[in-house]
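Notes for the one structure printed next.
Read-outs: derived from the displayed coordinates by stated rules, not from any lab. These figures come from a predicted structure and were not determined experimentally. Reconstructed Cβ throughout: ideal geometry from the backbone, glycine too, with neighbour counts over all protein chains shown.
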Amino acid sequence: MKTHLKTIALILLVLPLIGATIKLFSMEYFKTYEMIFSIMRDVTENRASHLNAEQAIEQLDLNQHKHDAFTFRFINLSDVSMNQITQFSLKASPVLLSNEIARDKEVKEMESTILAHLNNVDQDSLGRSHSSIYLPIAKELTLLGSSGSDRKVLVVYSDLMENTDQLSFYNEQSTAMLQSNPKGIKSIFKSIQPLPDLKGVQVYFIYQPSSQNADVLYKRISTIYKDLLTEKGARVYIQPNFIKVK
């Protein structure tokens with residue numbers, strides 16, 4: 001009888017440990033994460049920040065997260081609000097179900113595909129008479145905000161110089177508003193396209209001003225963007241070149 005009771009007690013003691021081990025094992029080796037990474041590049045201005053394709057690939061950290069699902073999106077910012085979207089995707093591959101050699105090859109091929117695309121688009125002709133900047137950015141942020149991905153990143157290569165019928169920073173009145181009434185500019189942006197909840201989204205605005213005047217303008221415009229997006233929960237970084245914050 002005592003032996004029987006000891007056996008039952010041992011089973012009751014071991015079962016929770018087995019359950020915890022299975023749970024931990026499942027979490028570590030079967031759970032995968034998702035990342036969505038979008039790049040938007042301004043083709044309306046000849047002096048827009050140069051997109052360094054090799055640097056962008058390095059910042060993706062695909063090798064470090066090679067078992068995760070990954071989606072890459074690329075959109076030009078032009079004189080119209082509707083632009084072609086290029087998208088490449090890599091499905092998740094849990095550690096215990098993955099062929100490491102095959103997965104390394106898939107990741108390498110994804111990097112090569114993205115690099116080739118970025119190098120190709122960098123050869124596109126630049127310059128437009130108008131610039132639709134805010135609306136395409138807001139649309140992409142809406143997509144990222146609604147995504148169930150664990151990591152969501154948007155990188156915008158642009159001077160952010162809006163030039164549409166609704167708002168033009170080449171107009172003296174609008175330029176004056178940047179200094180005297182930034183809330184008014186924010187209100188115009190919100191009327192064009194309201195922003196959703198952006199919690200969990202990282203946004204990088206990349207630009208290198210070529211003059212003091214351009215620097216002043218960009219600081220004012222990018223600050224308005226940062227305020228707008230931060231209010232919605234996004235983490236916003238303003239940089240001269242793209243280096244991802246961990």
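Considering only residues that are surrounded by 13 or more Cβ atoms within 10 Å (Cβ to Cβ), over 21 Å from PHE37 (Cα atoms) and not polar (S, T, N, Q), which ones fall in segment 191-214?
ILE192, PRO209, ALA214
Taking the criterion of being acidic (Asp, Glu), in contact with an Asp or Glu (Cβ under 9 Å, 6 or more places away or on another chain) and over 23 Å from GLN202 (Cβ atoms), would at least one residue in segment 102-110 satisfy it?
No, segment 102-110 contains no residue that is acidic (Asp, Glu), in contact with an Asp or Glu (Cβ under 9 Å, 6 or more places away or on another chain) and over 23 Å from GLN202 (Cβ atoms).
Within segment 104-122, can you find the residues that are buried (at least 16 other Cβ atoms within 10 Å of the Cβ) and out of contact with any Leu (no Cβ under 9 Å at 6 or more places or on another chain)?
HIS117
Does any residue of segment 171-185 turn out to be buried (at least 19 other Cβ atoms within 10 Å of the Cβ) and touching a His at 6+ places or on another chain (Cβ under 8 Å)?
So far as segment 171-185 goes, no, none of its residues is buried (at least 19 other Cβ atoms within 10 Å of the Cβ) and touching a His at 6+ places or on another chain (Cβ under 8 Å).
Can we say VAL203 is out of contact with any Pro (no Cβ under 9 Å at 6 or more places or on another chain) and β-branched (Val, Ile, Thr)?
So VAL203 passes the test.
So in segment 55-105, with the set limited to residues that are within 17 Å of the chain's Cα centre (by Cα) and of a type in the set (D, E, K, R), which one is farthest from ARG151 (Cα to Cα)?
Among those that are within 17 Å of the chain's Cα centre (by Cα) and of a type in the set (D, E, K, R), it is GLU58.
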